[in-house]
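Notes follow once the structure below has been shown.
The values are calculated or read from the model by the stated rules, or taken from the named source; none is laboratory data. Every value quoted in this text rests on a predicted model; they were computed, and no experiment measured them. Every residue, glycine as well, gets a Cβ built from its backbone with ideal geometry; the counts of neighbours run over all protein chains shown. Surface accessibility is based on the protein's heavy atoms, side chains included, excluding ligands, DNA and RNA. Shrake-Rupley method; radii C 1.70, N 1.55, O 1.52, S 1.80 Å.
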Amino acid sequence: MIASLSRVRCVTASRHLDAGRLRSLLLAPVGPYASLDVVARTGSTNADLRAAVAAGQPDRTVLLAEEQTAGSGRRGRDWASPPGQGIYLSVLLRPAEVPMAALGSLAIVAGLALTDVTAELGVDAVLKWPNDVLAGPGRAKCAGVLAETVPSDEQAVVLGIGLNVLPMREPVRPGPGGLPATSLAEQGARITDRTDVAALLLAALHERELPWRRARGDLAAAGLLDDYRARCATLGQQVRLEVAGGRARLATVVDVDPSGALVVDDEGGRRRSVYAADVIHLRAVSE
(Lines give C-alpha, C1' and ligand atoms only; values in the text may rest on other atoms or scores of the structure.)
Protein backbone atom coordinates (compact mmCIF):
# COMPACT_ATOMS: atom_id res chain seq x y z
CA MET A 1 0.00 0.00 0.00
CA ILE A 2 1.14 3.58 -0.61
CA ALA A 3 3.40 4.60 2.26
CA SER A 4 1.87 7.98 3.09
CA LEU A 5 -1.58 6.44 3.62
CA SER A 6 -0.28 4.82 6.80
CA ARG A 7 -0.33 8.28 8.41
CA VAL A 8 -4.13 8.31 8.25
CA ARG A 9 -5.72 6.70 11.28
CA CYS A 10 -9.41 6.13 11.93
CA VAL A 11 -10.86 8.07 14.85
CA THR A 12 -14.33 8.24 16.30
CA ALA A 13 -16.80 8.52 13.44
CA SER A 14 -18.53 11.86 12.93
CA ARG A 15 -21.53 12.88 10.88
CA HIS A 16 -19.59 15.81 9.44
CA LEU A 17 -16.31 16.22 7.63
CA ASP A 18 -13.64 17.43 10.06
CA ALA A 19 -11.88 20.26 8.23
CA GLY A 20 -9.39 20.79 11.05
CA ARG A 21 -8.22 17.19 11.01
CA LEU A 22 -7.96 17.16 7.23
CA ARG A 23 -5.83 20.31 7.32
CA SER A 24 -3.57 18.90 10.02
CA LEU A 25 -2.90 15.80 7.91
CA LEU A 26 -2.73 17.29 4.44
CA LEU A 27 -1.73 20.95 4.38
CA ALA A 28 1.86 22.14 3.89
CA PRO A 29 4.35 21.88 5.45
CA VAL A 30 3.10 18.53 6.82
CA GLY A 31 1.24 17.52 3.66
CA PRO A 32 1.26 18.36 -0.05
CA TYR A 33 -1.75 20.67 -0.35
CA ALA A 34 -1.70 24.47 -0.29
CA SER A 35 -5.27 25.12 0.81
CA LEU A 36 -8.21 23.00 1.99
CA ASP A 37 -11.76 24.11 2.74
CA VAL A 38 -14.99 22.31 3.60
CA VAL A 39 -18.34 23.93 2.82
CA ALA A 40 -21.73 22.76 4.02
CA ARG A 41 -23.47 23.21 0.69
CA THR A 42 -22.63 24.35 -2.81
CA GLY A 43 -23.79 23.86 -6.36
CA SER A 44 -20.62 22.19 -7.58
CA THR A 45 -17.12 22.06 -6.14
CA ASN A 46 -15.74 21.90 -9.68
CA ALA A 47 -17.59 25.09 -10.62
CA ASP A 48 -16.33 26.82 -7.47
CA LEU A 49 -12.71 25.95 -8.23
CA ARG A 50 -13.06 26.90 -11.89
CA ALA A 51 -13.97 30.35 -10.61
CA ALA A 52 -11.06 30.22 -8.16
CA VAL A 53 -8.60 29.83 -11.05
CA ALA A 54 -9.21 33.42 -12.16
CA ALA A 55 -8.88 34.57 -8.55
CA GLY A 56 -5.35 33.19 -8.46
CA GLN A 57 -5.84 30.28 -6.08
CA PRO A 58 -2.63 28.24 -5.89
CA ASP A 59 -1.68 24.81 -7.16
CA ARG A 60 -3.13 21.99 -5.05
CA THR A 61 -6.13 23.88 -3.69
CA VAL A 62 -8.79 21.51 -2.31
CA LEU A 63 -12.52 22.08 -1.81
CA LEU A 64 -14.90 19.55 -0.24
CA ALA A 65 -18.64 19.87 0.21
CA GLU A 66 -21.02 18.12 2.56
CA GLU A 67 -23.66 18.47 -0.16
CA GLN A 68 -23.79 19.51 -3.82
CA THR A 69 -27.00 20.72 -5.38
CA ALA A 70 -25.70 20.69 -8.96
CA GLY A 71 -22.98 18.05 -8.94
CA SER A 72 -22.14 16.86 -12.43
CA GLY A 73 -20.23 14.16 -14.24
CA ARG A 74 -19.16 13.71 -17.81
CA ARG A 75 -21.31 15.13 -20.60
CA GLY A 76 -23.27 17.22 -18.10
CA ARG A 77 -24.90 14.31 -16.27
CA ASP A 78 -26.07 14.80 -12.70
CA TRP A 79 -24.02 13.32 -9.86
CA ALA A 80 -26.20 12.62 -6.83
CA SER A 81 -24.58 14.41 -3.88
CA PRO A 82 -26.91 14.20 -0.85
CA PRO A 83 -25.72 15.66 2.47
CA GLY A 84 -23.47 13.51 4.60
CA GLN A 85 -23.44 10.48 2.30
CA GLY A 86 -20.30 10.75 0.20
CA ILE A 87 -17.06 12.51 -0.61
CA TYR A 88 -17.59 15.38 -3.04
CA LEU A 89 -14.28 17.09 -3.66
CA SER A 90 -12.35 19.02 -6.27
CA VAL A 91 -8.66 19.82 -6.52
CA LEU A 92 -7.22 22.74 -8.47
CA LEU A 93 -3.94 21.70 -10.05
CA ARG A 94 -1.49 23.86 -11.99
CA PRO A 95 0.86 21.29 -13.57
CA ALA A 96 2.95 23.70 -15.63
CA GLU A 97 5.33 20.91 -16.69
CA VAL A 98 2.54 18.80 -18.28
CA PRO A 99 1.67 19.66 -21.91
CA MET A 100 -1.94 20.61 -22.54
CA ALA A 101 -2.41 17.55 -24.76
CA ALA A 102 -1.44 15.25 -21.88
CA LEU A 103 -3.86 16.64 -19.28
CA GLY A 104 -6.52 14.10 -20.29
CA SER A 105 -4.57 11.34 -18.57
CA LEU A 106 -5.24 12.96 -15.18
CA ALA A 107 -8.55 11.06 -14.93
CA ILE A 108 -6.53 7.84 -15.11
CA VAL A 109 -4.39 9.07 -12.21
CA ALA A 110 -7.48 9.80 -10.12
CA GLY A 111 -8.94 6.38 -10.91
CA LEU A 112 -5.80 4.70 -9.62
CA ALA A 113 -5.95 6.76 -6.42
CA LEU A 114 -9.55 5.72 -5.88
CA THR A 115 -8.73 2.04 -6.28
CA ASP A 116 -5.75 2.45 -3.93
CA VAL A 117 -8.31 3.58 -1.36
CA THR A 118 -10.83 0.81 -2.06
CA ALA A 119 -8.06 -1.76 -1.70
CA GLU A 120 -6.99 -0.19 1.62
CA LEU A 121 -10.59 -0.39 2.84
CA GLY A 122 -11.07 -4.00 1.77
CA VAL A 123 -13.51 -3.26 -1.05
CA ASP A 124 -13.32 -5.26 -4.28
CA ALA A 125 -13.29 -2.66 -7.07
CA VAL A 126 -12.16 -2.21 -10.66
CA LEU A 127 -11.90 0.67 -13.11
CA LYS A 128 -14.14 1.24 -16.09
CA TRP A 129 -12.57 3.52 -18.67
CA PRO A 130 -12.44 6.45 -18.62
CA ASN A 131 -13.58 7.56 -15.17
CA ASP A 132 -15.73 5.11 -13.20
CA VAL A 133 -14.98 2.89 -10.21
CA LEU A 134 -17.12 -0.26 -10.11
CA ALA A 135 -17.37 -2.14 -6.84
CA GLY A 136 -18.67 -5.44 -5.56
CA PRO A 137 -19.52 -8.68 -7.38
CA GLY A 138 -22.25 -6.90 -9.35
CA ARG A 139 -19.82 -4.18 -10.49
CA ALA A 140 -22.03 -1.25 -9.48
CA LYS A 141 -20.80 2.33 -9.76
CA CYS A 142 -19.16 3.61 -6.58
CA ALA A 143 -17.19 6.65 -7.80
CA GLY A 144 -16.59 8.91 -10.76
CA VAL A 145 -14.05 11.46 -11.92
CA LEU A 146 -14.39 14.68 -13.92
CA ALA A 147 -11.27 16.58 -15.02
CA GLU A 148 -11.78 20.00 -16.61
CA THR A 149 -9.11 22.26 -18.06
CA VAL A 150 -9.67 25.93 -17.29
CA PRO A 151 -8.56 28.82 -19.55
CA SER A 152 -5.96 30.80 -17.66
CA ASP A 153 -2.64 32.58 -18.09
CA GLU A 154 -1.16 29.74 -16.06
CA GLN A 155 -2.21 26.24 -17.06
CA ALA A 156 -4.91 24.91 -14.73
CA VAL A 157 -7.10 21.85 -14.41
CA VAL A 158 -9.86 21.15 -11.90
CA LEU A 159 -10.17 17.51 -10.90
CA GLY A 160 -13.51 16.51 -9.40
CA ILE A 161 -14.16 13.23 -7.59
CA GLY A 162 -17.43 11.88 -6.31
CA LEU A 163 -17.27 8.81 -4.06
CA ASN A 164 -20.31 7.15 -2.47
CA VAL A 165 -19.39 6.27 1.11
CA LEU A 166 -22.73 5.55 2.80
CA PRO A 167 -25.86 4.02 1.25
CA MET A 168 -28.02 6.49 -0.65
CA ARG A 169 -31.29 7.31 1.11
CA GLU A 170 -33.05 7.91 -2.20
CA PRO A 171 -32.87 5.86 -5.42
CA VAL A 172 -30.18 6.96 -7.87
CA ARG A 173 -30.81 6.85 -11.60
CA PRO A 174 -28.55 4.22 -13.25
CA GLY A 175 -25.65 5.46 -15.34
CA PRO A 176 -24.88 4.67 -19.00
CA GLY A 177 -25.46 1.00 -19.74
CA GLY A 178 -27.78 0.69 -16.74
CA LEU A 179 -25.02 0.76 -14.12
CA PRO A 180 -26.61 0.84 -10.65
CA ALA A 181 -25.07 2.83 -7.81
CA THR A 182 -23.41 1.39 -4.71
CA SER A 183 -21.33 2.67 -1.80
CA LEU A 184 -18.27 1.69 0.20
CA ALA A 185 -20.47 0.79 3.17
CA GLU A 186 -22.62 -1.53 1.08
CA GLN A 187 -19.49 -3.30 -0.11
CA GLY A 188 -18.16 -3.92 3.40
CA ALA A 189 -15.55 -1.17 3.74
CA ARG A 190 -13.65 -1.44 7.02
CA ILE A 191 -13.77 2.37 7.46
CA THR A 192 -16.75 4.53 6.54
CA ASP A 193 -15.94 7.71 8.46
CA ARG A 194 -15.95 10.28 5.66
CA THR A 195 -13.09 12.34 7.09
CA ASP A 196 -10.85 9.27 7.17
CA VAL A 197 -11.89 8.29 3.65
CA ALA A 198 -11.28 11.82 2.35
CA ALA A 199 -7.83 11.89 3.95
CA LEU A 200 -6.95 8.53 2.42
CA LEU A 201 -8.16 9.66 -0.99
CA LEU A 202 -6.27 12.95 -1.01
CA ALA A 203 -3.07 11.25 0.19
CA ALA A 204 -3.40 8.59 -2.52
CA LEU A 205 -4.10 11.23 -5.16
CA HIS A 206 -0.91 13.07 -4.27
CA GLU A 207 1.14 9.86 -4.43
CA ARG A 208 -0.22 9.11 -7.90
CA GLU A 209 -0.24 12.68 -9.24
CA LEU A 210 3.36 13.48 -8.32
CA PRO A 211 5.05 10.96 -10.67
CA TRP A 212 2.48 11.81 -13.37
CA ARG A 213 3.51 15.45 -13.15
CA ARG A 214 7.22 14.63 -13.17
CA ALA A 215 6.71 12.43 -16.25
CA ARG A 216 4.90 15.29 -18.06
CA GLY A 217 1.64 13.35 -18.17
CA ASP A 218 3.08 10.19 -19.73
CA LEU A 219 1.47 7.32 -17.83
CA ALA A 220 4.11 4.77 -18.85
CA ALA A 221 7.05 6.98 -17.91
CA ALA A 222 5.32 7.71 -14.58
CA GLY A 223 5.09 4.00 -13.80
CA LEU A 224 1.28 4.15 -13.71
CA LEU A 225 0.21 2.48 -16.94
CA ASP A 226 0.77 -1.14 -15.90
CA ASP A 227 -1.18 -0.55 -12.68
CA TYR A 228 -4.05 0.92 -14.64
CA ARG A 229 -4.08 -1.95 -17.11
CA ALA A 230 -4.17 -4.44 -14.23
CA ARG A 231 -7.18 -2.70 -12.66
CA CYS A 232 -9.14 -1.76 -15.79
CA ALA A 233 -12.09 -4.08 -16.39
CA THR A 234 -12.68 -2.50 -19.81
CA LEU A 235 -9.65 -4.27 -21.30
CA GLY A 236 -10.65 -7.37 -23.25
CA GLN A 237 -14.29 -6.31 -23.40
CA GLN A 238 -16.57 -5.96 -26.35
CA VAL A 239 -18.07 -2.51 -25.87
CA ARG A 240 -20.44 -0.01 -27.37
CA LEU A 241 -18.82 3.39 -27.83
CA GLU A 242 -21.17 6.37 -27.62
CA VAL A 243 -19.65 9.66 -28.73
CA ALA A 244 -21.44 12.96 -28.22
CA GLY A 245 -23.15 13.90 -31.49
CA GLY A 246 -21.98 10.72 -33.20
CA ARG A 247 -23.23 7.25 -34.03
CA ALA A 248 -22.72 4.49 -31.47
CA ARG A 249 -20.43 1.71 -32.67
CA LEU A 250 -19.20 -1.63 -31.42
CA ALA A 251 -15.54 -2.35 -30.77
CA THR A 252 -13.20 -4.66 -28.90
CA VAL A 253 -10.86 -3.05 -26.37
CA VAL A 254 -7.25 -4.13 -26.69
CA ASP A 255 -5.24 -1.62 -24.65
CA VAL A 256 -4.88 1.74 -22.92
CA ASP A 257 -1.99 3.82 -24.28
CA PRO A 258 0.45 6.10 -22.38
CA SER A 259 -1.79 9.13 -22.99
CA GLY A 260 -4.76 7.38 -21.39
CA ALA A 261 -6.57 6.78 -24.68
CA LEU A 262 -8.50 3.56 -25.21
CA VAL A 263 -7.14 1.42 -28.05
CA VAL A 264 -9.87 -0.54 -29.82
CA ASP A 265 -10.44 -2.74 -32.85
CA ASP A 266 -13.66 -1.65 -34.54
CA GLU A 267 -16.13 -3.89 -36.34
CA GLY A 268 -14.14 -3.59 -39.56
CA GLY A 269 -10.95 -4.72 -37.84
CA ARG A 270 -9.36 -1.27 -37.88
CA ARG A 271 -7.35 -0.29 -34.83
CA ARG A 272 -7.94 3.20 -33.47
CA SER A 273 -7.52 5.31 -30.36
CA VAL A 274 -10.53 6.70 -28.50
CA TYR A 275 -9.99 9.78 -26.35
CA ALA A 276 -13.56 10.57 -25.23
CA ALA A 277 -16.68 8.41 -25.26
CA ASP A 278 -19.20 6.65 -23.08
CA VAL A 279 -18.16 3.00 -22.95
CA ILE A 280 -20.82 0.35 -22.37
CA HIS A 281 -19.49 -3.09 -21.48
CA LEU A 282 -21.24 -5.80 -23.47
CA ARG A 283 -19.31 -9.00 -22.79
CA ALA A 284 -15.76 -10.20 -22.28
CA VAL A 285 -14.12 -11.35 -25.52
CA SER A 286 -12.94 -14.55 -23.81
CA GLU A 287 -16.51 -15.60 -22.94
Neighbourhood net charge (10 Å Cβ-Cβ; Lys/Arg +1, Asp/Glu -1) for Ala198: -1
The chain, relative contact order in percent, only Cα pairs under 8 angstrom and at least six apart counted: 17
Pairwise label distance in nanometres, Ala40 with Ala185, each label 7 Å out on the Cα-Cβ vector: 2.1
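In percent, what relative contact order does region 234-281 have, based on Cα pairs under 8 Å that are 6 or more apart in sequence? Walk me through the numbers on the way to the answer.
Details: 93 pairs, mean separation 17.8, N = 48.
It comes to 37 percent, rounded to a whole number.
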Accessible area in square angstrom per residue, region 129-276, 1.4 angstrom probe: 43
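What does the charge count around Leu224 come to, taking other residues whose C-beta lies under 15 Å from its C-beta (Lys +1, Arg +1, Asp -1, Glu -1)? Provide the component values of the computation, followed by the final result.
Numbers: positive: Arg208, Arg213, Arg214, Arg216, Arg229, Arg231; negative: Asp116, Glu207, Glu209, Asp218, Asp226, Asp227, Asp255, Asp257.
Neighbour charge sum, excluding Leu224 itself: -2.
Antiparallel DSSP bridges in the chain: what percent, to the nearest 5? Walk me through the numbers on the way to the answer.
Working: 50 of 59 bridges.
In the chain, approximately 85 percent of DSSP beta bridges are antiparallel ones.
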Accessible carbon and sulfur surface of region 10-229 relative to its total accessible area, %, 1.4 Å: 51
Percent carbon-and-sulfur accessible area, region 234-281, ignoring ligands, DNA and RNA, probe 1.4 Å: 46
Net charge, Ala113 excluded, C-beta distance under 12 Å - Lys, Arg +1, Asp, Glu -1: -3
Potential lengthening between Asp257 and Arg169 on full extension [0.36 nm per residue; Cα-Cα distance subtracted]: 27.8 nm
Angle in degrees between helix 106-120 and the longest Cα principal axis of the chain, rounded to the nearest 10: 70
Förster-model FRET efficiency, 41 Å R0, Leu27 and Asp265, C-beta, rounded to 0.05: 0.30
Charge dipole (the chain, unit charges on Cβ, about Cα centre) - positive-most of Gly178, Ala40, Ala52: Gly178
Longest site-free stretch - the chain; sites: trypsin sites (Lys or Arg not before Pro), DSSP loop, at most 14 other Cβ within 10 Å: 78-168
Probe 1.4 Å - accessible area at Glu97, Å² to nearest ten: 80
Ala244 versus Ala101: modelled label distance in nm, points set 7 Å from Cα along the beta carbon direction: 2.2
